[in-house]
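Bear in mind these aren't lab numbers, they're just calculated from the coordinates by the rules spelled out. In this text, all values refer to a predicted model and were calculated from it rather than measured experimentally. All Cβ positions, even for glycine, are placed from backbone atoms using ideal geometry, and neighbour counts span all protein chains on display.
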Amino acid sequence: MEASSPSSAHVPFASEPARSGPSYVEVPVAYDGILLAGFGGPEGQDDVIPFLRNVTRGRGIPDERLEEVAHHYRHFGGVSPINAQNRALKSALEAELSRRGIDLPVYWGNRNWAPYLADAVTAAAERGDTPLLAFATSAYSSFSSCRQYREDFARVLEETGLDDAVTIDKIRPFYDHPGFVDAFVAGVRDAVAGFLADGVSAGAVQVLFSTHSVPIDDALRSGPRDVDWGPGGAYAAQHEAVAAWVMDRVAEILPAASDVPWELVYQSRSGPASQPWLEPDVCDVIEELPARGRAAVAVVPLGFVSDHMEVLWDLDTEAKEAAEDAGLAFARTPTPGVSEAFVSGIVDLIEERINGTPAEDRPHVTTLGPAFDICRPGCCENIRAGFKPAAAGIAP
């Protein structure tokens, strides 16, 4: 993938090597700390509605409607798994950094619930750790999975008054980094092998790669604007490319899997019915599978780094029930979580930026990567809200 830096490019809130907007920062950068940026989630019944108010801030959604979503969390005692997962990821990253002799603290902050990003950035500044490198727990290019985090960084720096003291760069979208995709290969292999061992023919097994749906307007504006990504923009193209790669690798390990059909599906859509979102929905497709001659379905949470609420509810609950209603054998494959390969891969990505690794030496498994270090102008616009200040990308 090629892109040049406009001669007048400016990246606000960035380290000096990133400030002029190169596609890839190929010189070493002396960071003081790592910022682990998460979505956040409630940790008790009393947290659920305040958390959902944070998620939907500025949209004027009344509590009665939020309660319709709250029952997903209330089903699990009002506790989202995401904070516990990020605590585990933080500990695993600290251990791997230490093992490699990289003396960088990890600060953890969330967008929507405590610990908040503002608390993490303030704590870093108080310790004198001012050039920060952020890892957001979302792998793909879209407004909600990339630019919104970049806007969060800018907002926090401005609100805390630390915009003249702290800089925040962001690790590239890592959708096709080997450390991220390895867990999916192993999971699909095991699921398909299990079905075959139970006597299901390869052609009667369906693999569904599932990711969070987004509004079509957002999808079409995802990724650099000077690339023709096709229908669904960079967001859909990246998922399709990774899913195809996963199936190719599984077929190399398990030749019978070359006859297993697969498809990209979406889940967890929200918003008014009049607003088009990416389709098809995972449960709608599962309902159709018996008519296609399928007897078993493996659902792969390709869009998620760990077992978020969307995985536990939309896949482990609703998709599983849809499969049972359709008379299908069902398997849900693992997310990367804190697997050794994923944690090691994150630290590989950190070392890329510390060392200024040339783009041609950066690992990636699809022809779309490696993704840019510095987001290009207009990347991942939110058409409903327009452009807001954002770190780690060329303005706007």
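Overview of results
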quantity	calculated
Descending semi-axes in Å of region 12-129, equivalent ellipsoid built from Cα gyration tensor	33, 19, 12
Pairwise label distance in nanometres, Asp284 with Glu351, each label 7 Å out on the Cα-Cβ vector	4.5
Phi-based couplings in Hz for region 184-192 (Karplus 6.51, -1.76, 1.60; Gly and Pro marked x)	5, 4, 4, x, 5, 4, 5, 5, 5
For Gly33, residues with placed amide H under 5 Å, excluding near neighbours	Leu133
Whole-number percent relative contact order across region 178-332, with pairs defined as alpha carbons under 8 Å at least 6 apart	33
Angle in degrees between helix 340-355 and the longest Cα principal axis of the chain, rounded to the nearest 10	30
5 angstrom amide H check on Ala329, placed H, neighbours 5+ away	Ala296, Val297
Folded to 0 to 90 degrees: helix 233-253 orientation relative to the chain principal axis, Cα	60
Note, ³J(HN,Hα) from phi for region 54-69, Karplus 6.51, -1.76, 1.60, rounded to Hz, x at Gly and Pro	5, 4, 9, 3, x, 9, x, 8, x, 4, 4, 6, 4, 5, 5, 8
Beta bridges per DSSP with both ends in the chain, % antiparallel, nearest 5	5
Set of region 321-336 residues, backbone N closer than 17 Å to the point 7 Å along the Cα-Cβ line of Ser201	329
Listed candidates (i) 19.9, 60; (ii) 20.7, 64; (iii) 21.1, 68 - label of the one calculated as Rg and Dmax of the Cα atoms in Å	(ii)
Packing-based ranking, highest mean first, of 102-114, 167-179, 244-256 given that Cβ atoms within 10 Å are counted	167-179, 102-114, 244-256
Relative contact order of the chain, pairs being alpha-carbon contacts under 8 Å that are 6 or more residues apart, as %	26
Förster radius 30 Å - calculated FRET efficiency between Thr317 and Gln275, Cβ distance, rounded to 0.05	0.75
Region 156-169 - phi-based ³J(HN,Hα) in whole Hz, Karplus 6.51/-1.76/1.60, Gly and Pro as x	5, 4, 6, 5, 8, x, 9, 5, 8, 10, 10, 10, 10, 9
Those lysines that a straight Cα-Cα span of less than 18 Å connects to Lys388, excepting residues fewer than 8 apart in one chain	Lys170
Label-point gap, in nm, between Glu252 and Ala385 - each point 7 angstrom along Cα→Cβ	4.0
